[in-house]
Amino acid sequence: MSGLTLALSKGRIFDDTLPLLKSAGIEVVDDPEKSRALILRTNQADVRVVLVRASDVPTYVQHGGADVGVAGLDVLLEHEAGPYGGGALLRPLDLQIARCRLSVATRADFDYGAAVRQGARIRVATKYTYLARQHFAEKGVHVDLIKLYGSMELAPLTGLADAIVDLVSTGSTLKANNLVEVEHILPISSYLVMNPVSAKLKRERLQPLLQSLQAAVAQR
Ligand code: ATP
Ligand code: MG
């Protein structure tokens, strides 16, 4: 395909990317809320948007299912560290959208500091097993990791885990579940990612897009 395929995930990334694309002259004309189509047309005949799971964006772009995509740094780093993350993926621009942070949280009555000082084994539930393993290894904290795919907040409340590693933005979800943030691991935002072959073969089409997006990000 000679046109451009852009991989986005529904929700905050789609919503926050639209205005940036608009400043770059690309307007999505199909409304994902009004149809079940996963391929959306834009005002430019040679540009289309494909809707994929947030965690599938790096896979699509790495293997050329899409030329470019937008994904959170959490998803990108976890993908790179994982078994299928070997392939090169360019990350030319921090779009500064979907900002949040990766943090450790526990029940308010769990003394995380004491557990760390005593060298206790801490049970940690997370979707981000690679990032969590790396963080605790650097700190020299012993952890047993429990892989979950969602609703991480439940783990400390049910006794499944002592702590979670999850994304936090306002902290209201933690608060609603009587959890407290005890450690910041990494600031997170979403990035433009690019397939390296597309970057070469479609350079004339992609360079202006990248420049417009850079300008749009700088202006905000
Ligand atoms: P999946 O489709 O696999 O369920 P998901 O639920 O992680 O994916 P979203 O919740 O839409 O998908 O999150 C997409 C990205 O948005 C995350 O990878 C992260 O970078 C960012 N994000 C997640 N939660 C927040 C938040 N509370 N505030 C700001 N950005 C967030
Ligand atoms: Mg989701």
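Charging the Cβ of each Asp and Glu at -1 and of each Lys and Arg at +1, and nothing else, the dipole of region 132-220 about its Cα centre rounds to 680 debye. Look at where the Cα atoms of region 18-67 and of region 147-220 average out, and the two centres are 19 Å apart. Around the amide H of residue 27, modelled in the peptide plane, lie the amide H atoms of 43, 44, all under 5 Å away and 5 or more residues distant in sequence or on another chain.
Return the calculated 222 nm mean residue ellipticity for the chain, to the nearest 500 deg cm²/dmol, obtained by summing -39500 (n - 2.57) across DSSP H runs with n ≥ 4 and dividing by the residue count.
-9500 deg cm²/dmol
Protection proxy ranking for 48-57, 7-16, using the average of other Cβ atoms within 10 Å per residue and placing the highest first: 48-57, 7-16. A simple spin-label model places pseudo-atoms 7 Å from Cα toward Cβ; at residue 177 and residue 207 they are separated by 4.7 nm. The aspartates and glutamates within cross-link reach of residue 175, meaning a Cα-to-Cα straight distance under 12 Å and a gap of 8 or more places when in the same chain, are 153. Rounded to the nearest 20 debye, the dipole magnitude of the chain is 280 debye, with +1 charges on Lys and Arg beta carbons, -1 on Asp and Glu beta carbons, and the Cα centre as origin. Segment residue 39..residue 117, full-extension length gain: 22.9 nm, with 0.36 nm per residue of separation and the alpha-carbon distance subtracted. The packing ranking of peptides 170-181, 34-45, highest mean first, is 170-181, 34-45, where packing means the average number of other beta carbon atoms within 10 angstrom of each residue.
We did not get these values from a lab; they are worked out from the coordinates using the rules stated. What you see is a predicted model; the values in this text were computed from it and never measured. Don't worry about glycine lacking a Cβ; one is built from the backbone with ideal geometry, like all the others, and counts go over all protein chains shown.
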